[in-house]
1. Tell me yes or no: at least one residue of segment 151-167 is at pLDDT below 90, surrounded by fewer than 19 Cβ atoms within 10 Å (Cβ to Cβ), of a type in the set (D, E, K, R) and in the same structural domain as D97 (by TED's automatic domain parsing).
2. Search segment 86-110 for residues that are farther than 10 Å from T189 by Cα and in contact (Cβ under 8 Å) with a residue 12 or more places away in the chain and pair each with any residue that is of a type in the set (D, E) and in a strand (DSSP E or B) when their beta-carbon atoms are under 6 Å apart and the residues are at least 6 apart or on different chains.
3. Check segment 47-61 and report whether any residue there is modelled with pLDDT of 90 or more and within 34 Å of the chain's Cα centre (by Cα).
4. Testing N38 on (1) surrounded by 10 or more Cβ atoms within 10 Å (Cβ to Cβ); (2) modelled with pLDDT of 80 or more; (3) not aromatic (F, W, Y), one condition comes back false. Which one is that?
5. Does A96 fit the bill of being aliphatic (A, V, I, L, M), assigned by TED's automatic domain parsing to the domain that holds S147 and modelled with pLDDT of 65 or more?
6. Can you tell me which residue within segment 89-115, out of those that are small (G, A, S) and part of a loop (DSSP other than H, G, I, E, B), is farthest from E181 (Cα to Cα)?
7. Within segment 175-193, which residues are surrounded by 15 or more Cβ atoms within 10 Å (Cβ to Cβ), assigned to a strand (DSSP E or B) and within 19 Å of the chain's Cα centre (by Cα)?
Amino acid sequence: MFEFINDEEERGQVGIGTLIVFIAMVLVAAIAAGVLINTAGFLQTKSEATGEEASAQVSNRISVVSATGNVNYANDSTQNGTIDYVNVTVMRAAGADNINLSEATVQWIGPDTATTLVNGPDKVAGTNESEFATINVNGDDSEVLESSDTRIKLVFNTTAIRNGDYTPDGDNDLQGLAEGESAKLEITTQYGATTPYWLSAPESLEGKQAVKL
């Protein structure tokens, strides 16, 4: 039933073979453990980065303080009685980090058009069908919401946005946001956090120079 090894040389060879197999198993186990540790570290780092990005997208938002519209009755390039400029004052949401509005984008979804706007290099003069302007209400030229007290106004040329790249010809047929019309803004910060806001023009603009939206 059992095989007895009487030759001492054969007994030593069997012991060495067993030792080699044992060492090989230890090496394989060590390599596998190293791979598992590296993989676990990579997954932990990636999950932490993903969590931070997700948290930033939730918390690093802006809040809209107010929105007003300028009613045009003088410029022949715009149909009288429509809102040609929209001013949206924003602030940093509670718990948000510094937000640089020069890197923000705004999705405008309104009557007859839907487009994405970026921050223009100039102030109001830089607003057109593809750009919005920023004016720091605190009095400096910063485009960064760096504290809870900072207020920055986003300026939109609604006539340009609605009519595209136009050349005023005095025919009085270009209009901005008309009475009773609405437009939706989706303001996205550099962190990817998006704030939606609806603009709603009053049912009557007659005799008004500025209205609350």
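1. yes
2. Q107/E186
3. Within segment 47-61, none of the residues are modelled with pLDDT of 90 or more and within 34 Å of the chain's Cα centre (by Cα).
4. (2)
5. The answer is yes for A96.
6. Looking at residues that are small (G, A, S) and part of a loop (DSSP other than H, G, I, E, B), I get G95.
7. L185, I187, T188
The values are calculated or read from the model by the stated rules, or taken from the named source; none is laboratory data. If you're wondering where the values come from, they're calculated on a predicted model, not measured in any experiment. Ideal geometry is used to build each Cβ from the backbone, glycine not excepted, and the neighbour counts take in all protein chains shown.
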